[in-house]
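I have placed the structure first, in the form of C-alpha cells, so that the comments after it can refer back to it.
The values are calculated or read from the model by the stated rules, or taken from the named source; none is laboratory data. Everything numeric here is computed off the predicted structure, so don't read it as measured data. Here the Cβ positions follow ideal geometry from the backbone for every residue, glycine too, while neighbour counts run over all protein chains shown. In case anyone asks, the SASA skips ligands and DNA or RNA and just uses the protein heavy atoms, side chains included. Shrake-Rupley method; radii C 1.70, N 1.55, O 1.52, S 1.80 Å.
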Amino acid sequence: MLTQEIRKLDEEIKEIATLQDEIAALRARQQAVEDLQADRNLPVHLLNESVLQLPDGIYLKGIKQESQNVLLTGVAQSNERVSELLRNLSRNSQWVSKPELIEIVASSLSLSAREQRRVYNFTVRVQLQRASGTPQAASATPGAKTS
C-alpha cells in the first residue's frame, strides 16, 4: 500500500514539475511580447529626436539600427556642427543616450565646375532608451511635447 501511494505521489510531483516548466515558458513568452510592445514606437521616437536634435548645417545620409544601437551617418558643414550634434544628443534627448563619434572625414563637394565646398562626413553611434528606461516617457501623453 505504501509503494502504491509513493508512486501516486511521484506522478503528482512529475505533473507539478511539468506545470512549473510550462508556467516559466509562458512567463518568458509574456515578457517577450511586453518587450516588443514597448519597443514598437522606438523608430518613431528616433526619427523625432533626429529632427529635434540636428543643428543647422547637418544632414543625415543614413540611419541603421541593430538592437538598441543606432548608427547615424551624415554630412556636416564643419566639425563644430558635429560637436553640437553630439552635445544635443547627450544633453537634450530622453530617447537617445551615449552618443559616440566613430569617425569624421573631411572631403570636398563639387557644387559646380568652379565651386567646391569642404564638408565633413561623419558617423555617430547612439543607444536607444526603452520607454521603461526613460523617466518622462511613462508620464508623457501622446502628442504632448516634453523637454
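Quick notes
- Filter result (closer than 18 Å to residue 129 by Cβ and small (Gly, Ala, Ser)) within segment 44-66: 50
- Selection status of residue 81, touching a strand residue (DSSP E or B) at 6+ places or on another chain (Cβ under 7 Å), within 25 Å of residue 121 (Cα to Cα) and charged (D, E, K, R): yes
- Of all residues in segment 61-120 being open to solvent by less than 70 Å² (accessible area, probe 1.4 Å), outside any strand (DSSP E or B) and hydrophobic (A, V, I, L, M, F, W, C), the one that is nearest to residue 39 (Cα to Cα): 95
- Taking the criterion of being touching a Lys or Arg at 6+ places or on another chain (Cβ under 8 Å) and either part of a helix (DSSP H, G or I) or hydrophobic (A, V, I, L, M, F, W, C) (or both), the residues of segment 36-57 that qualify are 38, 39, 42.
- Considering the conditions (1) surrounded by 11 or more Cβ atoms within 10 Å (Cβ to Cβ); (2) not in a strand (DSSP E or B), residue 13 is excluded by exactly one of them, (1).
- Flag for residue 19 being under 19 Å from residue 100 (Cα atoms) and either acidic (Asp, Glu) or open to solvent by 60 Å² or more (accessible area, probe 1.4 Å) (or both): no
- The lone criterion from (1) touching a residue at least 24 places away in the same chain (Cβ under 8 Å); (2) in contact with a Lys or Arg (Cβ under 7 Å, 6 or more places away or on another chain); (3) hydroxyl-bearing (Ser, Thr, Tyr) left unmet by residue 108 is number (1).
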